[in-house]
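Novice: Here it is, the structure, as structure tokens.
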Protein chains: 2
Amino acid sequence: MINPGNEARARLNRDKVVGSAIALADASGIESLSMRKLGGELGVEAMSLYNHVSNKGDLTDAMIDGVFAEIDLPSGGTDWRTAMRHRAISVRKVLARHPWATGLMESRTTPGPATLRHHDAVLGILREAGFSIVLAAQASSVLDSYIYGFVLQERNLPATSMGSTKLAQVILARLATQDYPHVAEMTVEHVLQPGYDHDAEFEFGIDLILDGLERVCRAT
Amino acid sequence: MINPGNEARARLNRDKVVGSAIALADASGIESLSMRKLGGELGVEAMSLYNHVSNKGDLTDAMIDGVFAEIDLPSGGTDWRTAMRHRAISVRKVLARHPWATGLMESRTTPGPATLRHHDAVLGILREAGFSIVLAAQASSVLDSYIYGFVLQERNLPATSMGSTKLAQVILARLATQDYPHVAEMTVEHVLQPGYDHDAEFEFGIDLILDGLERVCRAT
DNA sequence: ACCTGAACACCGTTCAAGT
DNA sequence: ACCTGAACACCGTTCAAGT
């Protein structure tokens, strides 16, 4: 039988399922991603997805690996410090595009190929720069911990969009000054200020950690 | 009518609901915490919970605040550095007891009173030690990011329980050495070694960050 | 004031049946 | 080889009804 003309949709495959799941989670949040909605998005019944993904946990693992695949692989062309700095900024940028990914890492234990490739490249750069095995482990652990934790916290900060700012200031001043004076001071006089810069805050921490690692590395 | 003798269970209240939810999440994981199971644990139908909690999001917020309430409030008796060091270790210890809490922070935006009290105490110690508003914000941001990210990653590391170690070594040696040589080297020669110490790894990062903060603080 | 039964609109997953 | 309908054992949440 000839394929009818309205059958424009190409055959489903694993990459399309995972890609569509990532897009859906970006748009509507991870908590509203269901096999049924994902099927609907792809013009297919939910049960068809099980031909390409063994269950929802498998899909989740693949989504996280898909996010890692978007991160630029750190290149060994320069010194370890600028390579690690660029990588950190790239990781944060990608994770900010997929805010659900960081929280999901808590429940997943089997890293995919893109994740392993990424970590292998990081360790490779540190080892070639003369870091011992132990020091390379500690360096990548500190850097990754900081990056993931920063992204996790970034979501919970009040958005500095104008409009909500003025209102937030008033509410804060009234409600919180007495009970949480330092939080109130910080929010009003720093976080809600027009010049507040998330990127600069992130890079302050990265440079502080890189300074520390350089010192430890030289002392060895 | 007189209360019958087998009615031993005291009246339900919000604290009992939240406490039971935390215990259930600790024991069986956050993904298997449902209003129905929680009700069953408390000897009550699921719908009764809505008398003490406005919905599941409200319950989640309260659970996270309950976890923060377990953390020792940083005390101002000593210098900021040892206070921050003790606090960091206390936060990690508590979050390790409730591994679901860190991942959940991604989706929550309204901090509870215990959370605010905690952050207020941290900021207070830094401000009294002479940190400017901006520097206090950056200091607590770097420290918290590192702590949360470390706990998040800690879960994904292979358990160093004997027995699984030997097997893991064999699997790794066969499978991964070729594709991910640095990850393989790191795992076999460091992470899976008997002396591997999570606490020491955590404290290495904390001390590195505290060193950096001390230097920045003195330069001001 | 607190608890419940029934109901609604959802979930993930299986399995036999279709093409 | 891939897709589907029907079914199963679950979800969160509402609401009128009970005490």
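Novice: In the list A:THR102, A:THR109, which residue meets the criterion of being under 27 Å from A:SER28 (Cβ atoms) and without any contact (Cβ under 8 Å) to a residue 12 or more places away in the chain?
Specialist: None of the others qualify; the one that does is A:THR109.
Novice: For the list (1) modelled with pLDDT under 95; (2) part of a helix (DSSP H, G or I), I need the number of the one condition that B:THR220 fails.
Specialist: Result: B:THR220 fails condition (2) only.
Novice: Restricting the search to region A:12-45, which residues are within 14 Å of chain B (Cβ to nearest Cβ), more than 10 Å from DNA strand C (Cβ to nearest atom) and assigned to a loop (DSSP other than H, G, I, E, B)?
Specialist: Answer for region A:12-45, where residues must be within 14 Å of chain B (Cβ to nearest Cβ), more than 10 Å from DNA strand C (Cβ to nearest atom) and assigned to a loop (DSSP other than H, G, I, E, B): just A:GLY29.
Novice: Test each condition in (1) more than 22 Å from B:ALA184 (Cα to Cα); (2) within 10 Å of chain B (Cβ to nearest Cβ) for A:ASP120 and report the one that comes out false.
Specialist: It fails just one condition, (1).
Novice: Let me ask you something else. May I ask you to list the residues in region B:53-67 that are more than 16 Å from DNA strand C (Cβ to nearest atom) and within 11 Å of chain A (Cβ to nearest Cβ)?
Specialist: B:GLY57, B:THR60, B:ILE64
Novice: Could you grab the pairs with beta carbons closer than 6 Å, sequence gap of 6+ or different chains, first residue in region A:35-58 and within 19 Å of A:ALA23 (Cβ to Cβ) and without any contact (Cβ under 8 Å) to a residue 12 or more places away in the chain, second one part of a loop (DSSP other than H, G, I, E, B) and more than 8 Å from DNA strand C (Cβ to nearest atom)?
Specialist: As it stands, the answer is A:GLY39/A:GLU45, since those pairs meet every condition given.
Novice: When only residues in region B:18-44 that are over 17 Å from the mean Cα position of the chain (by Cα) and closer than 20 Å to B:LEU95 by Cα count, which is surrounded by the fewest Cβ atoms within 10 Å (Cβ to Cβ)?
Specialist: B:SER32
Novice: Next question, about the same structure. Which of the residues belonging to region A:40-58 are within 12 Å of DNA strand D (Cβ to nearest atom) and farther than 22 Å from A:THR110 by Cα?
Specialist: Across region A:40-58, the qualifying residues are A:GLY40, A:LEU42, A:GLY43, A:VAL44, A:GLU45, A:ALA46, A:MET47, A:SER48.
Novice: OK, next. Here are B:ASP61, B:ASP79: which of them is touching a residue at least 40 places away in the same chain (Cβ under 8 Å), more than 16 Å from DNA strand D (Cβ to nearest atom) and not aliphatic (A, V, I, L, M)?
Specialist: The match here is B:ASP79.
Novice: Here is a further query. What number of residues within region A:192-212 are more than 7 Å from chain B (Cβ to nearest Cβ) and part of a helix (DSSP H, G or I)?
Specialist: 8
Novice: Does any residue of region B:72-95 turn out to be of a type in the set (Lys, Arg) and within 26 Å of A:LEU192 (Cα to Cα)?
Specialist: Checked region B:72-95: no residue is of a type in the set (Lys, Arg) and within 26 Å of A:LEU192 (Cα to Cα).
Novice: So, one more: What about A:PHE131, is it more than 9 Å from chain B (Cβ to nearest Cβ), surrounded by 18 or more Cβ atoms within 10 Å (Cβ to Cβ) and at pLDDT 90 or above?
Specialist: Yes, satisfied.
Novice: To continue, here is another question. Could you run through region B:183-211 and say how many residues are without any contact (Cβ under 8 Å) to a residue 60 or more places away in the chain and within 11 Å of A:GLY212 (Cβ to Cβ)?
Specialist: Total satisfying the criteria: 4.
Novice: Now for a separate question. Quickly run through region B:191-218 and pick out the residues that are surrounded by 17 or more Cβ atoms within 10 Å (Cβ to Cβ), of a type outside the set (A, V, I, L, M) and within 18 Å of B:PHE131 (Cα to Cα).
Specialist: Scanning region B:191-218 gives B:GLY212, B:CYS217.
Novice: Also, I was wondering about something else. May I ask you to say which residue of B:GLY112, B:GLY149 is of a type outside the set (Val, Ile, Thr), more than 8 Å from chain A (Cβ to nearest Cβ) and farther than 21 Å from B:VAL216 by Cα?
Specialist: Going through B:GLY112, B:GLY149 in turn, the sole match is B:GLY112.
Novice: Is it the case, given these coordinates, that A:ARG87 is of a type in the set (Lys, Arg) and either within 13 Å of chain B (Cβ to nearest Cβ) or in contact (Cβ under 8 Å) with a residue 60 or more places away in the chain (or both)?
Specialist: no
Each row is one residue, and each column tells you yes or no for (1) touching a Ser or Thr at 6+ places or on another chain (Cβ under 8 Å); (2) surrounded by 23 or more Cβ atoms within 10 Å (Cβ to Cβ).
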site	(1), (2)
A:ALA88	no, yes
A:VAL94	no, no
A:THR102	no, yes
A:HIS119	yes, no
A:LEU126	yes, yes
A:LEU135	yes, no
A:ALA139	no, yes
A:TYR146	yes, yes
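Novice: Something else about it: Report whether or not A:LYS37 is within 21 Å of B:ASN156 (Cβ to Cβ), of a type in the set (Lys, Arg) and within 16 Å of DNA strand D (Cβ to nearest atom).
Specialist: When the stated conditions are applied, A:LYS37 does not pass them.
The values are calculated or read from the model by the stated rules, or taken from the named source; none is laboratory data. Everything numeric here is computed off the predicted structure, so don't read it as measured data. Using ideal geometry, Cβ is built from the backbone for each residue, glycine included, and neighbour counts are taken over all protein chains shown.
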